[in-house]
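First comes the structure, then the notes that go with it.
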Amino acid sequence: MALLSGTQGIVTLHCEVGKDGSLRPKTSEGPRVLADAAKANATRWRFSVPDSDEAKSMVIIVYTFEIKGATRKTGPETTFAFEFPNRVQVSSPQPYLMPKAAKR
Amino acid sequence: MGVLAGGGMWLKCFAIGLLMVVGNQTMGMAAENDCDTILVDLEGLRKHGPEYDEVVGMMSSLAGWMKDDRRCSGFFGGVEAVEDWIQRLIRYGLIAVAKTTNMVDPEGMIISGFTSSCGARAPAGYAAIFIATNGSFFDRDVRTAMPTGSRWKYYPGASVQVRVILILHELSHSMGLAGFSHDDRLDMNMSAKNNGVLQAECAKTIESAVRMNKSAERRIRGAGSPRRRQPPSMPTSPDRLMRRGLPAYNKKRRYRACEQPKRHEWGNAVRNHLDWLGRTDRLGPAQPPTHRSNGVSPIGTPLRHAGHRDPPL
């Protein structure tokens, strides 16, 4: 949806790490359509949790969504790169215009 | 892209295709992104107003129409998926309306709607689905071709059927559905096939939309009818009262809960009423009122006693 509209930008997620290593996004900054996508992605992550009280600590993950490359006829190829410690780079070409035409 | 109509459309479509191919080859190497090649110009781009409300209203209703159509909902991955997708489009504000001009063939072809802002003169991130205010959604004269057997049938624009097909078409593109060609602008047959697919898969949904809109239209028409809106007319002036006669008047206002006067009693009732209104001069000297109470019109008084006879007028 963000790709179709040509939305790109940076989303910062503040997440809580659960005892089971799962992430629970608490707050986010950035375009809403991208923030929701970032949240959906973050909930799929699992961290290894050390045996300490820090298990419930907060982490910050920075997502960068970028539209890059020539448009494609078929579905866009999205690349996903994780840079330690907390940066995620998502790149994809924008799908090109799909018009519906008619005649007067 | 939907089906194009007219003999020269093949050539026009080929021209667009050629431009795109050339565009991809040249721009693709030189630039990171070829969305700078403007194919569609937009005028009056907006996300508000009656036209926008109409589009969003129809999109919001779509899941309801699709609810009983298992084939169509299956094609779209379930009613919930469609509903969620539409709600997100609306929530993120990714639907827009604008007047479109095709830059390749400004005179001949009208783009009724499109998905993806790449190649349209719109700010980045503005919208994902655009519906043209001069396209088949709003303009009756813009015809949409759909395959019927081996031929194409043209449907006039602004009809419920065409509107639903257009919205389904754009949703199919935006959701990237399997079984729906997303590269239909270079191939006329593919484009026609797309409309045919939607017609076949979502026949019940379209039918339901037409039915619901017809009943809503009837309801609105009924409510707006001047006959229904106006209260029943009450002949208060003596002239109108005389002209129309009493029965109609009685039926509507005064005698509803009372005994109806007999025909020979009308004259007296009229006279009494006129007397009450202070207009008896038109009918000569007033008869002594037989039924009267202070401040109450004798018209409403039932004439009950059996031996009563009024003198003829």
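Please treat every number below as a calculation from the coordinates, not as lab data. Keep in mind the model is a prediction, meaning the values are calculated, not measured. Please note: Cβ atoms are built from the backbone with ideal geometry, for glycine as well, and neighbour counts cover all protein chains shown.
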Exercise for the section: Fewest Cβ neighbours within 10 Å first, please rank A:Glu66, A:Glu77 accordingly. Expected result: A:Glu77, A:Glu66
Problem - Residue exposure sequence - A:Thr12, B:Thr100 - by fewest surrounding Cβ within 10 Å - result: A:Thr12, B:Thr100
Completion exercise
Contour minus Cα-Cα span, B:Ala200 to B:Ala178, at 0.36 nm per residue, comes to 6.4 nm
Exercise for the section: Once you have the Cα-Cα distance between B:Arg140 and B:Trp152, take 0.36 nm times their residue separation minus that, and quote the gain in nm to one decimal. Expected result: 2.5 nm
Exercise for the section: Would you order B:Ser73, A:Ser22 from fewest to most other beta-carbon atoms within 10 Å of each residue's own beta-carbon? Expected result: A:Ser22, B:Ser73
Handout entry: Residue mean of other protein chain beta carbons inside 10 Å, B:118-125
Key = 5
Exercise for the section: Using the structure shown, select from B:Lys47/B:Lys67; A:Lys100/B:Lys153; A:Lys39/A:Lys100; B:Lys153/B:Lys193; B:Lys67/B:Lys214; B:Lys99/B:Lys214 the pairs with a Cα to Cα distance greater than 22 angstrom. Expected result: B:Lys47/B:Lys67; A:Lys39/A:Lys100; B:Lys99/B:Lys214
